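The values are calculated or read from the model by the stated rules, or taken from the named source; none is laboratory data. Treat the numbers as computed from the prediction; the structure is a model and nothing was measured. Here the Cβ is made from the backbone with ideal geometry for all residues, glycine too, and neighbour counts use every protein chain on show.
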Amino acid sequence: MGGGETTPNQSQAQPQPGQAGPPLLDLTIDNITSNTVRINSQSADARLTYLMARLVTHLHDFARETRLSTAEWTAAIEFLIACGKICSDVRNEFILLSDVLGLSLLVDNINHPTPPGGTEGSVLGPFHTHDAPVLANGASMTSDPAGEPMLAVCTVKDVHGRPVPGVTVDIWETDSSGHYDVQHADRDAPSERCIMVTDDQGRFWFRGLKPVSYPIPHDGPVGKLLQLLKRHCWRPAHVHFMFGKDGWDRLVTALYLRGDPYETSDAVFGVKQSLVVDLDKVDKATAQEYGVEEGTWLLKHDFVLATQEETEKLRDQLATEALQKLGLNLKLVDHLPVPDLD
């Protein structure tokens, strides 16, 4: 190929000439924000323009309010670089950072508000995977012989108390040592996780382990941040659940054991009082019905799902009320606020 020719990839890599855009003013501490917002406001995507405007405004206000030093700015950049370096296919330090800052729970609550009577959501956490096996009701999802066996018997209903069949239920927890399977270097198959489907009565049941408390990964930058903040890195004992079915709002939640020493100080803010449960023991009749030993730990819970329509209606209502309270002139497009320029 001749020297004047380029491959398609080389051509795409070169920046293309464009319009100069709005002229920047003589930049100062006071006008850098308005200039940045102005030059970022050329997109045809109104939502992107709004998001960038608010992000820049809050970032700049933070820097001005704290009189952010160059050393602190550099440390923040290095912290984010370190978060990126420690990420892998089975560990996401940025999700962990979002969790410990309370952002994960906030975003979930905004996007998935709970209608009256519905089951509240909780954080997804950094250890959900997409390789969990699909198991039949009654199967065991654990290969850990050291843990205390637990039978979970659950139902899924709508807000009117009617069973919801055909719901896909993603379930995962730690092993008895407080580690998820992906945290073990010798992992060769999923364990302590599975996918089930509710039957025609909205039921699902499985055999797992009595949950244990465990520390979130604290050998990376997020762990060091918690140390600086004098915060512990522990999560109370819990089991994760994620529910999905067409026409229904996806529910990501967890059940937490009452009395856990970290029940009121979860490192990632996942605990809600409605999600705190007690364990019972399997009696003789239940043992015969489900094929487990009498005296096994028993988790019983009724989950309540909302339809997508119910959740979107409530989400729009709460968004409108919040925007009005903030005095913002915005409208909702696809359930998301954008500037109302009409």
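Here are a few things to note about the model shown:
- The set of residues in the stretch 131-145 that are aliphatic (A, V, I, L, M) and either touching a Leu at 6+ places or on another chain (Cβ under 8 Å) or more than 13 Å from residue 172 (Cα to Cα) (or both) comprises 136, 139, 141.
- Of all the numbered requirements in (1) of a type outside the set (A, V, I, L, M); (2) touching a helix residue (DSSP H, G or I) at 6+ places or on another chain (Cβ under 9 Å); (3) assigned to a helix (DSSP H, G or I); (4) farther than 30 Å from residue 217 by Cα, residue 79 misses one, and that requirement is (4).
- Set 104, 98, 88: member being in contact with a helix residue (DSSP H, G or I) (Cβ under 6 Å, 6 or more places away or on another chain), of a type outside the set (A, V, I, L, M, F, W, C) and without any contact (Cβ under 8 Å) to a residue 40 or more places away in the chain: 98
This table checks each residue for (1) part of a helix (DSSP H, G or I); (2) within 21 Å of the chain's Cα centre (by Cα).
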site	(1), (2)
292	no, no
315	yes, yes
320	yes, no
325	yes, no
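- Sole residue being surrounded by 18 or more Cβ atoms within 10 Å (Cβ to Cβ) and either more than 24 Å from residue 153 (Cβ to Cβ) or among the small types (Gly, Ala, Ser) (or both), chosen from 314, 257, 318: 314
- Leading residue by the ranking (modelled with the lowest pLDDT) among those in the stretch 1-47 that are among the aliphatic types (A, V, I, L, M) and not in a helix (DSSP H, G or I): 1
- When the stretch 297-311 is filtered for residues that are more than 30 Å from residue 337 (Cα to Cα) and buried (at least 18 other Cβ atoms within 10 Å of the Cβ), the ones remaining, listed by number, are 297, 298, 299, 303.
- Each residue in the stretch 160-180 was checked for being in contact (Cβ under 8 Å) with a residue 40 or more places away in the chain, under 23 Å from the mean Cα position of the chain (by Cα) and in a loop (DSSP other than H, G, I, E, B), and 4 pass.
- Residue match in the stretch 60-73 (condition: of a type in the set (A, V, I, L, M), part of a helix (DSSP H, G or I) and at pLDDT 95 or above): yes
- Flag: residue 231 does not match the condition of being within 21 Å of the chain's Cα centre (by Cα) and crowded, with 23+ Cβ neighbours inside 10 Å.
- Search result, residues across the stretch 128-143 that are touching a Ser or Thr at 6+ places or on another chain (Cβ under 8 Å) and at pLDDT below 95: 143
- Flag for residue 179 being modelled with pLDDT under 95 and either in contact with a Gly (Cβ under 9 Å, 6 or more places away or on another chain) or not small (Gly, Ala, Ser) (or both): no
This table checks each residue for (1) surrounded by fewer than 18 Cβ atoms within 10 Å (Cβ to Cβ); (2) part of a loop (DSSP other than H, G, I, E, B); (3) in contact (Cβ under 8 Å) with a residue 40 or more places away in the chain.
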residue	(1), (2), (3)
136	yes, yes, yes
143	yes, yes, yes
147	no, yes, yes
182	no, no, yes
186	yes, yes, no
200	yes, yes, no
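- Test for residue 254: is it free of Cβ contacts under 8 Å to residues at least 40 places away in the same chain, among the hydrophobic types (A, V, I, L, M, F, W, C) and under 21 Å from residue 129 (Cα atoms): no
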